[in-house]
1. Give, as a single signed number, the net charge of other residues whose beta carbon lies under 15 Å from the beta carbon of Asn39, with Lys and Arg counted +1 and Asp and Glu -1.
2. Cα-based Rg of the range 7-97 per 2.2 N^0.38 Å, rounded to two decimals?
3. With a cut-off of 8 Å between alpha carbons and a minimum separation of six or more residues, what is the relative contact order of the chain in percent?
4. All other residues with a Cβ under 14 Å from the Cβ of Arg3 taken together, and with Lys, Arg as +1 and Asp, Glu as -1, what is their net charge?
5. What is the distance in Å between the Cα centres of the range 36-65 and the range 106-123?
6. One-quarter of the Cα convex hull surface for the range 1-54, in nm²?
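Read-outs throughout are calculated quantities, based only on the coordinates presented, and are distinct from any laboratory measurement. Just so we're clear, the structure is a prediction, and the values are computed from it rather than from any experiment. With ideal geometry, Cβ positions are generated from the backbone for all residues, glycine too; neighbour counts draw on all protein chains shown.
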Amino acid sequence: MTRLPEYYFRVRENGAVVFRVDTENRMRRIEMNQIAVVNVKNGEIKAHGDGTLSESDRQEIERWLDARREMLKARTLDDIGRTIDQLNLTATWAQQSATPEELNAVSDALLLAMHDLRSVLVRKKSQAAGLENST
């Protein structure tokens with residue numbers, strides 16, 4: 001049997017619940033004891049209940065937090081790439097095979113979403129170039 005990790009991170013939308021994994025008990029069962037809650041966005045680490053975290057607990061949680069943030073960043077960029085592909089496929093669909101009824105059903109929502117995205121992108125590019133309020 002492979003050795004289990006000392007910590008288990010139950011991922012949730014905004015972070016994780018952190019458990020210490022214990023297999024060194026009389027029954028040789030896997031026990032998971034909650035020790036903390038982590039917020040990925042603000043980096044907050046809260047000990048569970050009245051417990052306190054050791055320095056090694058905190059270091060391991062911070063390592064996980066850094067790795068999680070990097071993974072989420074990579075996923076976001078991958079999602080954006082897929083969105084670009086999907087926009088191209090949508091353009092092909094609209095041009096080649098969409099019926100007038102299908103186009104009518106989605107056109108307004110697509111145009112509003114694309115207008116909103118364009119406005120955000122133009123504003124951000126202008127800010128990055130130091131041109132502040134250009135849209």
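1. Numbers: positive: Arg10, Arg12, Lys41, Lys46, Arg58, Arg68, Arg69; negative: Glu13, Glu44, Glu62, Asp66.
Result for the neighbourhood of Asn39: +3.
2. On the way: Rg = 20.0 Å, N = 91, 2.2 N^0.38 = 12.2 Å.
My calculation over the Cα atoms of the range 7-97 gives 1.63.
3. Numbers: 105 pairs, mean separation 14.4, N = 135.
Worked out over the chain, it gives 11 percent.
4. Values: positive: Arg28; negative: Glu6, Asp22, Glu24.
Computed value for this residue: -2.
5. Spelled out, the Cα-based centre of one part sits 39 Å from the other.
6. On the way: hull surface 19.0 nm².
Average of the hull's projected areas for the range 1-54 equals 4.7 nm².
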